[in-house]
Amino acid sequence: MKKIDISTYINKIKLTSCIMNASGALCTTDKELSDLLNSSSGAIVTKSCTKKPRKGNIKPRYFEWNIGSINSMGLPNLGIDFYLNFFQNKKIKKPIFLSISGLSIEENFFLIKKANFSKKITAIELNLSCPNIKEEILGNNLYKISDFLESIFKFNKKPLGIKLPPFFKEKHIKNISLILNKFPIIFVTCINSLPNGIFIDINKENTVIKPKNGFGGIGGLIIKPFALSNIRKFYTFLRKDISIIGCGGISSGKDIFEHILCGASAVQIGTQFIKEGISVFDRLKKEFIIFLQKKNYSSINNFKGKLKNFQ
Ligand code: DHB
C-alpha cells in the first residue's frame, strides 16, 4: 500500500501533521498545553492571551449540543508571560503558534513586541475576531486595519498570521484580501465562531449560557458550510504564499478533506476537541489517512484547493 503523507507547510513552517487544535480549545493551562505537547497534533495554538491574566466571563459560559457549541468565554487566560514562560524550558518538537488578542491596538503592539523576543514561539496568530468582549478593536474598518498592519510590520520580525471572523459577502472577502495582500502575512485562519447566536433550553425556556443575556459565538458541525465558503473565497483572492488554516466544524477525516479541497493547508479542531479530548488527534489522523487511501491520494498537495464546480 502507498505511504500517505499528511505533513504540510504553512508558508515555510513545516508541520508533520496538518491537524492542530483551535485557539481556545483546551490550550489555556499548564496541563492542557502539556497534553498538547505530548499529542499527535501537528502544531499547538495557545489560548488568545492578553497583557494581564483574565478570569473571563461569568459561568456557565460554554455549552454544546449534538451539532454545535456556543461560548462567551470573555478571554480567560493566564497572561502572555505565562505562555512565553511555559515553552521556555521545554523540549519542543512542533511549531508553536502564540495567539494574541489585545484589548486595544496598543496592547496588541505590546504583545507582538514581547512575542518577538521569544525563540520558542514559531509564529503569532493575531486574533482580530473575538466576539465576546465589549472592546471592538478594528471592526470592519479597512483603513484602520491597513494602518494597524502597517505599524505592526515596521517592527515585527516573527512569522505572523491573522484569525478572521466569518464573512458572508464575496465583496467583503475580496476587500479584506486586497488589504492583507499588501503585507508580509504568512497565513490566515478562517473562521472564528459565528458571533452572537442563541441556544435555548426549551424546558426551562431560558438561554444556556449566562454572559451577554445568552448571546455567544457558535462553533461546531453547523458552521462547517461557512468555514468552507470562507476558505474557498480567501483561496481565490489571497496571494498564493499566504497559507490558509481551516477552522470550523471538523469532526471526521472527511471534514478535513473538504477543508483542504477548498484550499486550506492545515486545519484546526475546536468544538470536537473539547468534546472528545486529546485522543481526537490520533482518531482524526487515522480517519484522514484511511480516507486518502480510498481516494488514492498520497499527499495533501494532490488535491489542495482543487474543488470543482458542479458538472
Ligand atoms: C474568545 C472567543 C473567541 O471567539 C475568540 O476569538 C477569542 C476569545 C473568548 O470569549 O474567550
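Readers should treat all values here as calculations from the given coordinates under stated rules, not as data from a laboratory. The shown structure was predicted, so the numbers you read here are calculated from the model rather than taken from an experiment. We place every Cβ from the backbone using ideal geometry, glycine too, and count neighbours over all the protein chains shown.
When a/c is below 1.5 the answer is rounded, else prolate if a/b is larger than b/c, else oblate, so apply that to the chain with a ≥ b ≥ c taken from the square roots of the Cα gyration tensor eigenvalues.
rounded
What relative contact order, as a whole-number percentage, does the chain give when Cα pairs under 8 Å and 6 or more residues apart are counted? Before the final figure, lay out the partial values.
Numbers: 661 pairs, mean separation 66.1, N = 311.
The normalised contact order for the chain reaches 21 percent.
Around residue 60, with a cut-off of 15 angstrom between Cβ atoms, what is the net charge of the other residues, counting Lys and Arg +1 and Asp and Glu -1?
+4
Mind giving me the nanometre distance, one decimal, between the label points for residue 279 and residue 295, set 7 Å out from Cα along Cα→Cβ?
2.6 nm
Among DSSP beta bridges whose residues both lie in the stretch 141-283, state the antiparallel percentage, nearest 5.
Close to 25 percent.
Where does the charge balance sit around residue 261 when Lys and Arg score +1, Asp and Glu -1, over other residues with C-beta under 12 Å from its C-beta?
+4
Residue-wise, which Karplus ³J(HN,Hα) couplings in Hz belong to the stretch 156-170, taking 6.51 cos²θ - 1.76 cosθ + 1.60, θ = phi - 60°, and x for glycine or proline?
Taking θ as phi minus 60°, the curve returns 6, 10, 7, x, 9, x, 10, 8, 10, x, x, 10, 10, 10, 4 Hz for the stretch 156-170.
What distance in nm lies between label points placed 7 Å from Cα along the C-beta direction at residue 110 and residue 34?
Result for the modelled spin labels: 3.0 nm.
Between the alpha-carbon centers of the stretch 86-102 and the stretch 151-204, tell me the distance in whole angstrom.
Here the answer is 21 Å between Cα centres.
Greater than 32 Å separation of Cα atoms is the criterion. Which listed pairs, 144/212; 52/240; 144/286, meet it? It would help to have the intermediate numbers written out before the result.
Values: 144/212 27 Å; 52/240 36 Å; 144/286 43 Å.
Too far apart for the 32 Å limit: 52/240; 144/286.
Report the calculated FRET efficiency for residue 239 and residue 213 (r = Cβ-Cβ distance, R0 = 41 Å), to the nearest 0.05.
For R0 = 41 Å, the calculated efficiency reads 0.50.
Can you classify the stretch 156-311 as rounded, prolate or oblate using the Cα gyration tensor, where a ≥ b ≥ c are the square roots of its eigenvalues, rounded means a/c under 1.5, and otherwise it's prolate if a/b beats b/c and oblate if not? Please list the in-between numbers first.
On the way: a/c = 1.83, a/b = 1.22, b/c = 1.51.
In terms of gyration-tensor shape, oblate.
What are the ³J(HN,Hα) values, in whole Hz, obtained from phi via the Karplus relation 6.51 cos²θ - 1.76 cosθ + 1.60 with θ = phi - 60°, for each residue of the stretch 212-221 in sequence order, with x given for Gly and Pro?
Karplus-based 3J(HN,Hα) across the stretch 212-221 equals 6, 6, x, 7, x, x, 9, x, x, 2 Hz.
For labels at residue 205 and residue 254 in the simple 7 Å Cα→Cβ model, what's the distance in nm?
For the pair residue 205/residue 254, the computed spacing is 4.0 nm.
Residue separation times 0.36 nm, minus the C-alpha to C-alpha distance between residue 154 and residue 135: what's the value? Write out the running numbers ahead of the final one.
On the way: separation 19, 0.36 × 19 = 6.84 nm, distance 2.47 nm.
Fully extending the segment from residue 154 to residue 135 adds 4.4 nm.
Around residue 88, under 13 Å between beta carbons, what's the net of Lys plus Arg minus Asp minus Glu among the other residues?
Net of charged neighbours comes to +3.
If you place +1 on the Cβ of every Lys and Arg and -1 on the Cβ of every Asp and Glu, how big does the dipole about the Cα centre of the chain come out, in debye to the nearest 20?
Roughly 820 debye for the chain.
Too long at a 22 Å Cα-Cα cut-off: which of 47/154; 51/158; 12/51; 14/304; 94/295; 254/304?
The pairs that break the limit, which is 22 Å between Cα atoms, are 47/154; 12/51; 94/295.
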